1. Touching a residue at least 24 places away in the same chain (Cβ under 8 Å) and of a type in the set (Gly, Ala, Ser): is that true of ALA14 in this structure?
2. Hey, any hits in the range 77-88 for a residue that's loosely packed, with under 10 Cβ neighbours inside 10 Å, closer than 23 Å to TRP8 by Cβ and either of a type in the set (Lys, Arg) or modelled with pLDDT under 60 (or both)?
3. Scan the helices (runs of 4 or more DSSP H) fully inside the range 1-43 and keep the ones with 3 or more residues being open to solvent by less than 80 Å² (accessible area, probe 1.4 Å) and under 15 Å from ASP53 (Cβ atoms).
4. Just give me the residues in the range 44-53 being open to solvent by less than 60 Å² (accessible area, probe 1.4 Å) and free of Cβ contacts under 8 Å to residues at least 40 places away in the same chain, in sequence order.
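The values are calculated or read from the model by the stated rules, or taken from the named source; none is laboratory data. On a predicted model such as this, the values are computed, not experimentally measured, just so you know. All Cβ positions, glycine included, derive from the backbone under ideal geometry; neighbour counts span all protein chains shown. We work out accessible area using only protein heavy atoms, side chains counted, and drop any ligands, DNA or RNA first. Shrake-Rupley method; radii C 1.70, N 1.55, O 1.52, S 1.80 Å.
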Amino acid sequence: MEATNLYWWHLSQALHDDPQLTALRTEIAVINPKVIDGFKRIYTDIPKTDALDARVIAALLAVWTSPSNTTSRHEVCTFATANPVSLSHGE
């Protein structure tokens, strides 16, 4: 999820503390909006909508899952250029 204002905090804590999600070993990712905005700039022709923003976040997580991940900029750009249709056409 994108860390905007303080709205993300309670949701992230509720998801983190949920026993069903814990049993599934899920991870909660809270990402700085500047990181998401920087990644979205790779896709130059997509409009600003909540649905497409969610897809951008999902695409970002597909190549960068944590600060300890050593994904290079080249890998991110390769993924973004190989998958532009999934974002620009909502598929």
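1. no
2. No, the range 77-88 contains no residue that is loosely packed, with under 10 Cβ neighbours inside 10 Å, closer than 23 Å to TRP8 by Cβ and either of a type in the set (Lys, Arg) or modelled with pLDDT under 60 (or both).
3. Those helices (runs of 4 or more DSSP H) span 33-40.
4. Across the range 44-53, the qualifying residues are THR49, LEU52.
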